[in-house]
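What follows is a single structure, written as structure tokens, with notes after it.
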Amino acid sequence: MRIISMMCVLLLVQLGLSGCTSDEELWQKSLQAGSSEATTEVKRLVTKINQQSIRNTKLLGSYADVVKQQSPELREIVDTLATDATVNGPIVKGLQARLASATKAVPQAVKGGEKAVVELQQELNAIQVAADPALFGMMLTDPINVLADMSNGKLARVEAMSKEATLQANQAGDYGPGSQLVGNPNYGGWKQDSQGRSFWEWYGMYAMFSNLFRPPIYYGGWAGNRGYSYYSDYGRNYYTSPSQRKGQQAQAAKTKQKFQKSGKSFKSPYAKTRAGGSTTAKRSSVKSANKFSSKGKRSSFKRPSKFARGSSSARNSYSRTSRSFSGGK
């Protein structure tokens, strides 16, 4: 009897291990499929950009030519902005880096369990949506509108209200040339000065914006008084890596705590959508996300059987996942 009991225990253990293995295999296949789909979409975007078949890639180049002709002294910063319309720009490079990081993280996520797998699948989904040529074209409206503002009224903003109208509609501060790019981690980051204040520091050649608008842009003031930008108001969900998002959340939490100690109120810069975007800008994120949903691009992750047998936490987690890519800020 004792031998039989031991055999039963061993059998149960083996069945349990088999169940875990099958779940891990399912996670592995699902994440690999998600990585493959995201890779396909990013390659497709690169092809479209090289073919110049995305309308705003040509428009960014045209705007750059006008500003350089009008203000030759701005050539360096204008040429830097023009790279956004190429595969060497920070938007595409950022997507490629995120894809490489997500693909590399697949084995670790599988070992980490359901939560880690869901989070990685969300990132792969976001990359797919961000690689949609239509959404990429909308992301280019920010650098295009920066150039429009630098043209001294010669060029009009695209898919957005004029600078004056936007400032008035939002009661926003004027943060000078390049303000649409502030807060976008592709162009810079928040750093602390000697007094513990967070200010915007541009990356590389974008630092030339500091020479065009000398007063530092401090996070506390910008958060409550920023104007409209496509990234901050509509594209942030898809063009921000998990680590960048954590950084944004930490920055907001730290600033809120500091404000509270001084008896001041603080709201996240993303607490509400700023006025200024066109109807197309408002709808672009939802449309792109829905396109991938309807094609089944974002449904490769399947709930493992052991979670389907009664884990309410697992059900809630998957419910949140399905809702998180319906659009919005």
Fill in the blank from the handout: P216: passes all of (1) assigned to a helix (DSSP H, G or I); (2) over 23 Å from the mean Cα position of the chain (by Cα) but (1)
Exercise for the section: Identify all residues within segment 106-131 that are in a helix (DSSP H, G or I), among the hydrophobic types (A, V, I, L, M, F, W, C) and under 25 Å from V92 (Cα atoms); write none if there are none. Expected result: V106, A109, V117, V118, L120, L124, A126, I127, V129, A130
Practice task
Answer yes or no as to whether K254 is surrounded by 15 or more Cβ atoms within 10 Å (Cβ to Cβ) and either touching a Ser or Thr at 6+ places or on another chain (Cβ under 6 Å) or farther than 25 Å from S278 by Cβ (or both).
Solution key: yes
Exercise for the section: Taking K68 as the residue in question, decide whether it is under 30 Å from A97 (Cα atoms), at pLDDT 95 or above, touching a helix residue (DSSP H, G or I) at 6+ places or on another chain (Cβ under 6 Å) and in a helix (DSSP H, G or I). Expected result: no
Handout entry: Hits in segment 255-282 - residues which are in contact (Cβ under 8 Å) with a residue 24 or more places away in the chain, within 19 Å of K191 (Cβ to Cβ) and part of a helix (DSSP H, G or I)
Key = T255, K258, F259
Exercise for the section: Mind counting the residues in segment 147-199 that are surrounded by 15 or more Cβ atoms within 10 Å (Cβ to Cβ), over 21 Å from Y234 (Cα atoms) and not polar (S, T, N, Q)? Expected result: 5
Practice task
Pairs only if they're at least six apart or on different chains, beta carbon under 9 angstrom, first in segment 123-137 and under 21 Å from S53 (Cβ atoms), second aliphatic (A, V, I, L, M) and not in a helix (DSSP H, G or I); list them, first residue then second.
Solution key: P133/I54; A134/I54; F136/I54; G137/I54
Problem - Number of positions in segment 137-161 that are outside any helix (DSSP H, G or I) and of a type in the set (A, V, I, L, M, F, W, C) - result: 6
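This table checks each residue for (1) on the phi < 0 side of the Ramachandran plot; (2) surrounded by fewer than 21 Cβ atoms within 10 Å (Cβ to Cβ); (3) part of a helix (DSSP H, G or I).
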{"position": "E201", "(1), (2), (3)": "yes, yes, no"}
{"position": "A207", "(1), (2), (3)": "yes, yes, yes"}
{"position": "N211", "(1), (2), (3)": "yes, yes, yes"}
{"position": "A223", "(1), (2), (3)": "yes, no, yes"}
{"position": "Y231", "(1), (2), (3)": "yes, no, yes"}
{"position": "K246", "(1), (2), (3)": "yes, yes, yes"}
Problem - Conditions (1) touching a residue at least 60 places away in the same chain (Cβ under 8 Å); (2) among the aliphatic types (A, V, I, L, M); (3) within 18 Å of E41 (Cβ to Cβ): number failed by L74 - result: (3)
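Rundown of residues vs (1) farther than 19 Å from A207 by Cα; (2) among the acidic types (D, E); (3) in contact with a strand residue (DSSP E or B) (Cβ under 9 Å, 6 or more places away or on another chain), yes/no style:
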site	(1), (2), (3)
S53	yes, no, no
D65	yes, yes, no
P72	no, no, no
T80	no, no, no
G89	no, no, no
R98	yes, no, no
A102	yes, no, no
V106	yes, no, no
A109	yes, no, no
Exercise for the section: Please state which of the following conditions R75 fails to meet, knowing it meets all the rest: (1) closer than 21 Å to E37 by Cα; (2) surrounded by fewer than 19 Cβ atoms within 10 Å (Cβ to Cβ); (3) not β-branched (V, I, T). Expected result: (1)
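The values are calculated or read from the model by the stated rules, or taken from the named source; none is laboratory data. On a predicted model such as this, the values are computed, not experimentally measured, just so you know. Here the Cβ is made from the backbone with ideal geometry for all residues, glycine too, and neighbour counts use every protein chain on show.
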